[in-house]
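**Student:** Dropping the structure in here first, questions after.
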Amino acid sequence: MKIAVMPGDGIGTEVVAQALKVLRIVAPHAETQEAPIGEAGIQAHGVPLPAPTLELARKADAILFGSVGVADEADIPRERRPGTGLLQLREALTLYANFRPAYMFPELIGASTLRPEVVDGLDLVIVRELNGDAYFGQPRGFETNQAGERVGFNTMRYSESEVERVARAAFECARRRSRKVCSVDKANVLEASQLWREVVTRVGPDYPDVELSHLFVDAAAMMLMRRPKQFDVIVTGNLFGDILSDAAAMLTGSIGMLPSASLGYNRKGLYEPVHGSAPDIAGKDIANPLAAILSLAMMLRESFEMEDAARRVEQAVRAVLAAGYRTADIHQEGMRSVGTRDMGDAVVEALRKQAA
Ligand code: IPM
Ligand code: MG
């Protein structure tokens, strides 16, 4: 088990430290090696994805990732922005399918901004395409129009093979769940989306046991708020997936609870909390480490086929929530307020108790 550890920036370092404590308990033999990425990469080597970091990622079986980003990125050129390091890593390793489960822990129902009956039992996965779309499409850039104004432009593009591989990932995922896939696009307006829908529709019959439906992204955003429990697996492009996954995260009470896995053609994956680096709360020991810890559980399951260990970690998280431990983002009246480290320790303690 060779794990590349990339804490990154901001609260990334704090939450990854807690996930590592958990790893030591459930997989003491795992080899870990750390490397800088994002702003940390810039500080160490002048670029957001330093060559030694990419090299380590290539050699590793899995990557445990924190988050990247600094407070004010507006004036930093794109190639030196912390997030660029993560995008380059996703592309370099062809991690094209990003799984973002939104699961309602019964203990946190009161923490959601939606009414309990709307979110009780919520259990969906967004499969976000990760290597294409306006994120990577060429041409992109700035130019000057005839009126002398600056114009910024990007290209939304998808090839058939890019859509097909992520569609298959979504159908396979649905087979392990409730066998429903909802493909989300904007085919009424965009060619890239029209092709997306055609390809998903063509692939669908290969999975006759999975029910396929389609929604336009605006309607999908609305349905996520109105009746989120209708969804099982949502498959969508990079840009729509970025937006919908933050929205879905909030259904569960806090983005601080949401893990993710990015996978490609083999079992090597990158595991990261869906939340960002949150510079405003960094270094204060108040961030929620559970998304990072649950990301570790996904790693154990997907990259190392350690289903039992993954379950143990998830059960330990349940146990600390049931015992009333809450970080600030999921704080509820009458519960035990804890910081990042104490929450990590509580999970470790819960794991030890399981063994006993
Ligand atoms: C995410 C983040 C990234 C993205 C940023 C940090 C580049 O928002 O993983 O959702 O847009 O993909
Ligand atoms: Mg995002």
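**Student:** Multiply the residue separation of Lys2 and Gln194 by 0.36 nm, subtract the distance between their alpha-carbon atoms, and state the gained length in nm to one decimal.
**Tutor:** Contour length minus Cα-Cα distance gives 65.0 nm.
**Student:** Order these peptides, 169-182, 57-70, by their mean beta-carbon neighbour count within 10 angstrom, highest first.
**Tutor:** Peptide ranking by packing, descending: 57-70, 169-182.
**Student:** Could you calculate the FRET efficiency of Ser159 with Arg78 from 1/(1 + (r/R0)^6), where r is the beta carbon distance between them and R0 is 25 Å, rounded to 0.05?
**Tutor:** For R0 = 25 Å, the calculated efficiency reads 0.60.
**Student:** Separation between the Gln332 and Asp206 pseudo-spin-labels, each 7 Å from Cα along Cα→Cβ, expressed in nm?
**Tutor:** 4.2
**Student:** With a ≥ b ≥ c the root eigenvalues of the C-alpha gyration tensor of the stretch 101-255, is it rounded (a/c under 1.5), prolate (a/b larger than b/c) or oblate?
**Tutor:** Verdict is oblate for the stretch 101-255.
**Student:** Please give the FRET efficiency for Arg24 paired with Thr94, using the beta carbon to beta carbon distance and R0 = 25 Å, rounded to the nearest 0.05.
**Tutor:** E(calc), rounded to 0.05, equals 0.25.
**Student:** What is the sum of charges around Thr340, taking Lys and Arg as +1, Asp and Glu as -1, for the other residues whose C-beta is under 9 Å from the C-beta of Thr340?
**Tutor:** Result for the neighbourhood of Thr340: -1.
**Student:** Assuming a ≥ b ≥ c are the square roots of the Cα gyration tensor eigenvalues, decide whether the stretch 185-327 counts as rounded (a/c under 1.5), prolate (otherwise, with a/b larger than b/c) or oblate.
**Tutor:** prolate
**Student:** Follow-up question, since we're still on this one. Enumerate the amide H contacts of Ser213 below 5 Å, restricted to partners 5 or more residues apart or on another chain; note that Pro and chain-start residues carry no placed amide H.
**Tutor:** So Ser213 has HN proximity to Val181, Cys182, Ser183.
**Student:** Rank-order 331-338, 238-245 by packing density, defined as the average count of other C-beta atoms within 10 Å over each peptide's residues, highest first.
**Tutor:** Highest-to-lowest ranking by the protection proxy: 238-245, 331-338.
**Student:** Using a basic spin-label model with each label point 7 Å from the Cα along Cα→Cβ, how many nm lie between Arg311 and Arg168?
**Tutor:** For Arg311 paired with Arg168, the spin-label model returns 3.0 nm.
**Student:** Once fully extended, how much extra length lies between Asp218 and Arg175, figured as 0.36 nm per residue of separation less the alpha-carbon to alpha-carbon distance?
**Tutor:** 12.8 nm is the gain from fully extending Asp218 to Arg175.
Every number here is computed from the coordinates shown, using simple stated rules; none is lab data. Remember, predicted model here, so these are calculated numbers, not experimental data. Note: ideal-geometry Cβ built from the backbone for every residue, glycine included; neighbour counts use all protein chains shown.
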